[in-house]
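Reading through the structure tokens given below for one structure.
The values are calculated or read from the model by the stated rules, or taken from the named source; none is laboratory data. Just so it is clear, the structure is predicted and the values come from calculations on it, not from any experiment. So basically every Cβ, Gly included, is an ideal-geometry build from the backbone, and we count neighbours across all protein chains shown.
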Amino acid sequence: MTAPFVIFALPRSRTAWLSRFLSHQDWHCGHDELRHMRQLEDVRSWLSQPQTGAVETAGAPYWRLALEMRPDLRVVTVRRDPEEVAESIVRCGLSSDIDQAVRAMRRLDHKLGQIERRTGARSYRFEDLAREDTCADLFEHLLPYTHDSARWRVLDAENVQINVPALKRYVAAHRTQIERLGAIARQKSLALLASGRAHIAQGLTIGFEPLADLLRDGAALMREHMAEVGESPDNLGCKNFGLLLAHDEAGALQVTVARSNGRVFGYLVTCIGESLEAPGRIWACHTAFHASPDYPGLGLKLQRRAAEGLRDRGVYEVVMRAGVRGAGERVSALYRRIGAEPFGDYYRLQLGEAA
């Protein structure tokens, strides 16, 4: 037994004590590790560790994503009445608005119930954690050791609490990073949910469309793309779509879109213009490119269809960039498959702060 485990719970549910209780011998159980993560790669790396566990009070909404990253992850829930939790949160200073706290805890509690229904996770009641037999069952369920009554009595007498002022300072200092990862995780979780529900028809069509149609129908996939490369999906509205639409109106864009039953599964946006190297030659540059993993092999199909369209428009040369984020390495291999060759290196010098 080396696969990691996660206990999903509401705050103020003896979670800090559980992390102490379940850290034994070679095993370490963290507490609210998620707040230290900055990218999904951090979460994936953490889940790759053997003999590791965590008790998470904010992670329940992302259970699908955790299981997608680590299918053998062992999951447990701890349940406590949401109104009791909200009152405790206000008393300890984590919130000053009882109504807001109650609403937030009810939403989280709903997720805990969802985890139990969808995964069959074993569940424990907060009040039962005061009993040795309950703690012994949880201990032996998650760890490869026999419960030690003497150790439990020592730990049971301890009042293990988080440092609330320190936690509030940490969250305030890292709010932007925490919220960005939360937005990325939400988008990836929604994509997983949609993937589970989608029925993909055999009749996939790949064609050329106005950019406005892609923006209208493909926003969800674009947010998924942003999450994959580490951007907050909420930043989609900050992209310079006005300029892109103007380019499209002038005939300087080719927008290749893959659909099935009307749903957008992939896109490739290409800028087109006259070459700076030779008068009369038409040059193109691929920009935004994303293919849903729900349709394996779609990226290659998009590239080939885009190349056909560009050739028909008299394009002499296409420049393709494989970035360092997201699926950059796989994109490099894809470009080689369609016959593209490396053409120097691509560098960036940032001269100012992003707006």
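Conditions tested, residue by residue: (1) of a type in the set (D, E, K, R); (2) more than 25 Å from N163 (Cα to Cα).
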residue	(1), (2)
E83	yes, no
R103	yes, no
H110	no, yes
R117	yes, yes
R131	yes, yes
T146	no, yes
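Of all the residues in the stretch 1-51, those that are among the acidic types (D, E) and either modelled with pLDDT of 95 or more or over 24 Å from E68 (Cβ atoms) (or both) number 3. Number of residues in the stretch 96-149 that are assigned to a helix (DSSP H, G or I), of a type in the set (S, T, Y) and modelled with pLDDT under 95: the value is 1. Within the stretch 71-95, residues that are in the same structural domain as R125 (by TED's automatic domain parsing) and assigned to a helix (DSSP H, G or I) have Cβ atoms under 8 Å from residues that are among the polar types (S, T, N, Q) and crowded, with 20+ Cβ neighbours inside 10 Å in these pairs: V85/S13, counting only partners at least 6 apart in sequence or on another chain. The residue pairs whose first member lies in the stretch 30-41 and is farther than 15 Å from A166 by Cα, whose second member is surrounded by fewer than 18 Cβ atoms within 10 Å (Cβ to Cβ) and at pLDDT 90 or above, and whose beta carbons are closer than 7 Å, counting only pairs six or more residues apart or on different chains, are L34/A58; R38/Q177. Across the stretch 326-355, the number of residues qualifying as in a loop (DSSP other than H, G, I, E, B) and at pLDDT 80 or above comes to 6. Every listed requirement among (1) free of Cβ contacts under 8 Å to residues at least 60 places away in the same chain; (2) within 21 Å of A54 (Cα to Cα) is met by R103 save one, (2). Taking the numbered list (1) polar (S, T, N, Q); (2) assigned to a helix (DSSP H, G or I); (3) at pLDDT 85 or above in turn, S189 passes all entries but (3). Scoring L143 on the criteria (1) outside the structural domain of L73 (by TED's automatic domain parsing); (2) touching a residue at least 60 places away in the same chain (Cβ under 8 Å); (3) in contact with a strand residue (DSSP E or B) (Cβ under 6 Å, 6 or more places away or on another chain) leaves a single failure, condition (1). In the stretch 15-27, the residues that are among the small types (G, A, S) form Cβ pairs under 9 Å with partners that are at pLDDT below 95, at six or more places apart or across chains, as follows: A16/V160; A16/Q161; A16/I162; S19/V160.
Between E228, E277, the distinction of being of a type in the set (D, E), in contact with a strand residue (DSSP E or B) (Cβ under 9 Å, 6 or more places away or on another chain) and touching a residue at least 12 places away in the same chain (Cβ under 8 Å) belongs to E228 only.
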